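Report on the following structure.
The values are calculated or read from the model by the stated rules, or taken from the named source; none is laboratory data. Remember, predicted model here, so these are calculated numbers, not experimental data. Here the Cβ is made from the backbone with ideal geometry for all residues, glycine too, and neighbour counts use every protein chain on show. To get the accessible areas, we keep the full protein, side chains included, count just its heavy atoms, and leave off ligands, DNA and RNA. Shrake-Rupley method; radii C 1.70, N 1.55, O 1.52, S 1.80 Å.
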Amino acid sequence: MDYFLELFLGGLTRGSIYALIALGYTMVYGIVQLINFAHGEIYMIGAFTALIIASVLTILGLNSIAILVIATAAAIVYSSAYGYTVEKIAYKPLRNAPRLSPLISAIGMSIFLQNYVLLAQTSDFLPFPRLIPEFAFMEPVSHIFSSAELVIVSTTMIVMVLLTLFIKFTNIGKAMRATAQDKTMALLIGIDVDRVISVTFIIGSSLAALGGVLIANHIGQINFYIGFIAGIKAFTAAVLGGIGSIPGAVLGALILGWTESFATGYVSSDYEDVFAFALLVLILIFRPAGLLGKAETKKV
Amino acid sequence: MLEISNINAFYGNIQALHNVSINIKQGEIITLIGANGAGKTTTLMSISGIVNPKSGEIRFNGEVISGKKPDKIVQMGLAHVPEGRHIFPYLTVMENLDLGAYLRKDKENVKKDLEHVFDLFPRLRERKNQQGGTLSGGEQQMLAISRALMARPKMLLLDEPSLGLAPLIVKQIFDIIKRINQEDGTTIFLVEQNANLALKVAHRGYVMENGHITLEDDAQKLLVNEEVKKAYLGI
Ligand SMILES: Nc1ncnc2c1ncn2[C@@H]1O[C@H](COP(=O)(O)OP(=O)(O)OP(=O)(O)O)[C@@H](O)[C@H]1O
Ligand SMILES: [Mg+2]
C-alpha cells in the first residue's frame, strides 16, 4: 500500500510540473492556434536563471528560503521577457502567413535558444542546489512524500486556482476568453488583441519558469536539454487533455504523470515513455480532440 | 458624421472596393444595398479598422480613423454588428453583453444600459445565463445588436441583420433598429441584401456593384427607381 501511495504521489508531483508547462502550450494555442515549440526552452531558461541567481545569493550567504523566493521571482521575470520577445520577433510578423510558417519559426526559435544556452553554459549537467528545506512535520511520511514534493504539488494547486480566478473574473482574463473564441469579434468590441497575446505569452512563460525552478530543485541538476524533454511531455499532456482547454491541460498532465509513475514502479523505468505515448495514441484514436477538447467545429 | 472618401481596398491582388465614397449625417439611417460579393462587408470592415484600405480616407466626426487600430475606433463611438453575428459561443449572454462595454469606465451607466437592452429584447433577460452558442439565430442577432449597444455608440454599423431569420423576427428587429435611431438618436449604417426592407426604414441609400457605388439617393426614390426595382426588389 505504501508503495502504491508513493507512486501515486510521485505521479502527482510529475503531473503538477507537466501541468505548469502544459498550460503555456494550451493557452497560447487557444489564443493564436500556434504550437509554441520554444516553450520548453523558456522553462529551461527559467531553471538556468534560478541557478545563476541562487549561486550568487548562496555566496552572499542568504538563507535557503530567501534564495528560493528571489531566484524564482528572477526566473519568472527573465523567462517572461523571453516569452514576450519570442512572440514579438518570431510569431507576430507571421500572424497572417500560412500556418506552416509560424510553426517552422517556432522550431527555429527552440533550436536557437537551446544552442544559445549550450554555448553560454556547457552541455554538462550542472548541480542545482536543494533550496526547499525538509519540514519537520513531513518527517513521518517523508519516505513516500518529500517536502520538496509537497511544495511542488501545493504551489501548483494554488497557481491553478489563481489562474482560474484570473481568467474568469478579471477584464484581461475575459478578453483572453473572448479572443480565443472569436478574434475578429474581440477586435470589434475594442479588445487590444496584440496585448492579450502578449499577456498570454507572459503568463505561460511565468508558469513554465516556476515549473523549471521547482523541478530543478527536486531533481538536483539541469542542462540545456531539459526543456526539450519536458516540453515534449507537457505538449503531450496538453494534447491528451484537449489542446486549447485549460482544465484539459491539467487533467492531461496528471494522467500522464500517473501513467509514467505507475509504469516505472510496476513495470520498468525503461517503459515510462512507451506507456505515456501509447496512452496518447489511444486517447487520440477514441477522442481526436483530446479528453476535454472541443471538436473542430468551433470558431466561426 | 462619417465621411468615406475614395477608398480602395484589396484582398491580396484582388481589389474589393473601388473609389468608394459614402457620407452619413448625424441621426440618419443610411443603407448600403448590393448583391453577394459586392463589397458591403468590406466597406464596414474598413470603417472598423479590420481591413486597411490602400488609399482614400475615412473620417468620423472630423477625425481621420482610417489607419487607426480597431479599439481606438470603438472608443470613438463606432460599434459594429458583423455579418453572421459573431456571438462568443462559450460565454453566457451576460458575459457577451459585459464584453460589449469592454472599454467603458462608467460602470453605473453600463448597468442602466443593460436594463435598456433587456427592455428592448426581453427574451435576452430570460436567457441571460445561457451560453451564447445555444441561442437561436434570432436570439443571437438580438444579442449581437445588444452587445454593440452596450458600448453606447454614436453610430451603429449593422451587417445584414435579417440574414437567415424568419419574417416575423426580422420585422421585430427592424422595429428595434428604428427605435434605437429615433429614441436614442443613434446614427445607423445598415448593410442589407433585403433591399425592400432596408429602403423602407432608411432615410437614404447607396447601391454597390462589384466594389463600386453606382447609385445614391433618398430611400423613397430608390424604392421606385426602375433599375433598383429590377435588380434588387424583384419587381
Ligand atoms: N478575407 C477575404 N479574402 C479574400 N477575398 C475576400 C475576403 N473577404 C471578401 N473577399 C472578396 O471581396 C469581395 C467583396 O466581399 P464582401 O464580403 O465585402 O461582399 P458583400 O457585399 O458583403 O457580400 P455578401 O452579401 O455575400 O455578404 C468578394 O469578391 C469576396 O470574395
Ligand atoms: Mg457581406
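Scanning region B:87-108 for residues that are more than 7 Å from chain A (Cβ to nearest Cβ) and under 18 Å from residue B:155 (Cβ atoms), we see that the one that is farthest from the chain's Cα centre (by Cα) is B:104.
From the list B:216, B:209, B:192, B:126, the lone residue that is over 25 Å from residue B:92 (Cβ atoms), more than 16 Å from ligand 1 (Cβ to nearest atom) and among the acidic types (Asp, Glu) is B:216. Of the residues B:67, B:133, B:137, B:84, the single one that is open to solvent by 10 Å² or more (accessible area, probe 1.4 Å), of a type in the set (Gly, Ala, Ser) and either away from chain A (no Cβ under 14 Å) or without any contact (Cβ under 8 Å) to a residue 24 or more places away in the chain (or both) is B:67. Among the residues making up region B:115-144, those that are among the aliphatic types (A, V, I, L, M) and either modelled with pLDDT under 95 or touching a Lys or Arg at 6+ places or on another chain (Cβ under 7 Å) (or both) are B:117, B:120, B:124, B:135, B:142, B:144.
Yes or no: residue A:65 assigned to a helix (DSSP H, G or I), under 23 Å from residue A:146 (Cβ atoms) and open to solvent by 50 Å² or more (accessible area, probe 1.4 Å)? So residue A:65 passes the test. If you go through region B:70-81 and keep only what is more than 7 Å from chain A (Cβ to nearest Cβ) and more than 16 Å from ligand 2 (Cβ to nearest atom), you end up with B:72, B:73, B:76, B:77, B:78, B:79. Kindly check whether there is at least one residue in region A:282-295 that is part of a helix (DSSP H, G or I) and buried (at least 21 other Cβ atoms within 10 Å of the Cβ). No, the conditions are met nowhere in region A:282-295. Selection of helices (runs of 4 or more DSSP H) fully inside region A:141-255 by the criterion of at least 2 residues being away from chain B (no Cβ under 14 Å) and free of Cβ contacts under 8 Å to residues at least 40 places away in the same chain returns A:147-169.
Just give me the residues in region B:22-39 being within 14 Å of ligand 1 (Cβ to nearest atom), in contact with an Asp or Glu (Cβ under 7 Å, 6 or more places away or on another chain) and assigned to a strand (DSSP E or B), in sequence order. Within region B:22-39, B:31, B:33, B:34 meet the criteria. For region B:198-223, the set of residues classified as among the polar types (S, T, N, Q) and more than 14 Å from residue B:18 (Cα to Cα) consists of B:220 only. Being aromatic (Phe, Trp, Tyr), away from ligand 2 (no atom under 16 Å from the Cβ) and in contact (Cβ under 8 Å) with a residue 12 or more places away in the chain is true of residue B:174. Considering (1) surrounded by 22 or more Cβ atoms within 10 Å (Cβ to Cβ); (2) free of Cβ contacts under 8 Å to residues at least 24 places away in the same chain, the lone condition that residue A:273 does not fulfil carries the number (1).
Residue A:37 meets each of the listed conditions (1) in a helix (DSSP H, G or I); (2) open to solvent by 30 Å² or more (accessible area, probe 1.4 Å) apart from (1). Restricting the first member to region B:30-43 and to residues that are within 14 Å of chain A (Cβ to nearest Cβ), and the second to residues that are near ligand 2 (Cβ under 9 Å from one of its atoms), the beta-carbon pairs closer than 6 Å and six or more apart or on different chains are B:41/B:83; B:41/B:159.
For residue B:144, the requirement of being crowded, with 18+ Cβ neighbours inside 10 Å, within 14 Å of chain A (Cβ to nearest Cβ), touching a Gly at 6+ places or on another chain (Cβ under 8 Å) and assigned to a helix (DSSP H, G or I) is not met. Exactly one residue out of B:33, B:22, B:14, B:47 is within 16 Å of ligand 2 (Cβ to nearest atom), open to solvent by 40 Å² or more (accessible area, probe 1.4 Å) and among the β-branched types (Val, Ile, Thr): that is B:14.
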